[in-house]
1. Return the residues of the range 16-32 that are loosely packed, with under 13 Cβ neighbours inside 10 Å and among the aliphatic types (A, V, I, L, M); say none if nothing qualifies.
2. Tell me the residue from VAL53, VAL42 that is modelled with pLDDT of 95 or more, over 30 Å from ALA167 (Cβ atoms) and open to solvent by 50 Å² or more (accessible area, probe 1.4 Å), please.
3. Condition first: part of a loop (DSSP other than H, G, I, E, B) and open to solvent by 50 Å² or more (accessible area, probe 1.4 Å). Now tell me which residues in the range 56-91 satisfy that.
4. Checking GLY194 against (1) touching a residue at least 60 places away in the same chain (Cβ under 8 Å); (2) in contact with a strand residue (DSSP E or B) (Cβ under 9 Å, 6 or more places away or on another chain): exactly one of these is not met. Which one?
5. Report, ordered by the first and then the second residue, all pairs with beta carbons closer than 6 Å, sequence separation of six or more or different chains, a first member in the range 1-28 that is without any contact (Cβ under 8 Å) to a residue 12 or more places away in the chain and assigned by the TED database to the domain that holds SER148, and a second member that is among the charged types (D, E, K, R) and assigned to a loop (DSSP other than H, G, I, E, B).
6. Only one of (1) surrounded by fewer than 16 Cβ atoms within 10 Å (Cβ to Cβ); (2) assigned to a helix (DSSP H, G or I) fails for ARG5. Which number is that?
7. Go through ARG123, ARG73 for me and flag whichever is at pLDDT 95 or above, of a type in the set (Lys, Arg) and under 27 Å from CYS219 (Cβ atoms).
Amino acid sequence: MTPRRPLALLFDLDDTLWPIGPVILAAEVSWHAWLAEHAPRVAEAFSVAELRVRRMALLERRPELVADLYQLRREALAEVFAETGEDPAHIEGSMRHFAVQRNLVTPYDDVLPVLPLLQGMLRLGVITNGNADLEVIGMDHHFEYALSSSQFGSAKPDPAIFHSACAAMGVAPQDAVYVGDDLRLDVQGAQAAGLRAVWMNRHGSTAHLAAGVTPDAICATFDELLTWIRGQMQH
């Protein structure tokens, strides 16, 4: 069966458009410093790593919070504020501080030059499990639609979030391509929902072989993605 010419290209954000590990690391250090200033009992009782352990423990008890990692952070914080007798009025301030830091991302070098070229060929959208704010980051003008798991209420790889984004953009899943770095959430998730999936594999990983996952394409850069999309547009 000849693949259809795609009408929409949807993206994951974290580790697809920019590296997120260093950003979260720096955000958590800054966040802990904020807590030390405004909620010292919490900062004295819990290190960054210990607060992370608390979030993971809460997630085990309440797996639905995977769809909203800000809410997970907020509720885990409420627990430790209560335990340490700290004023809960500071919880929202700490969340605002974290959000600012979390959005201090730097796109991979190949992303910003290529996005406008892709925009010229087909419609662009976003489906993310994360909490990046494209408007704050200054990249929202590249995408006509963005859906986050916290808005939707469930997270990738749930096929429903892919179907909802396609419906909102007015395209059938088979006319959409999803681009992401995670084999399970992005590639398998999109393919199970009927989309084509491109694995952004910047580091030459062979993990797809062990996982038994067959992406529709594997790209190391956005330039490679552009070349592949141009090929698809010939159909």
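The values are calculated or read from the model by the stated rules, or taken from the named source; none is laboratory data. Computed from a predicted model, the values in this text were never measured in an experiment. Positions of Cβ are generated from backbone atoms using ideal geometry, with glycine treated the same way; all protein chains shown enter the neighbour counts. Remember, those area values only see protein heavy atoms, side chains included, never the ligands or the DNA or RNA. Shrake-Rupley method; radii C 1.70, N 1.55, O 1.52, S 1.80 Å.
1. Of everything in the range 16-32, those that are loosely packed, with under 13 Cβ neighbours inside 10 Å and among the aliphatic types (A, V, I, L, M) turn out to be LEU25, VAL29.
2. VAL53
3. The answer is ARG62, ASP87.
4. Going through the list (1) touching a residue at least 60 places away in the same chain (Cβ under 8 Å); (2) in contact with a strand residue (DSSP E or B) (Cβ under 9 Å, 6 or more places away or on another chain), GLY194 breaks only (1).
5. From the range 1-28, no pairs qualify.
6. Result: ARG5 passes all but (2).
7. ARG123
A quick yes/no check of all residues on (1) open to solvent by less than 40 Å² (accessible area, probe 1.4 Å); (2) closer than 15 Å to ALA165 by Cβ; (3) not in a helix (DSSP H, G or I):
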{"residue": "THR106", "(1), (2), (3)": "no, no, yes"}
{"residue": "LEU112", "(1), (2), (3)": "no, no, no"}
{"residue": "PRO116", "(1), (2), (3)": "no, no, no"}
{"residue": "LEU124", "(1), (2), (3)": "yes, yes, yes"}
{"residue": "ILE127", "(1), (2), (3)": "yes, yes, yes"}
{"residue": "ASN131", "(1), (2), (3)": "yes, no, yes"}
{"residue": "GLU135", "(1), (2), (3)": "no, no, no"}
{"residue": "ALA146", "(1), (2), (3)": "no, yes, yes"}
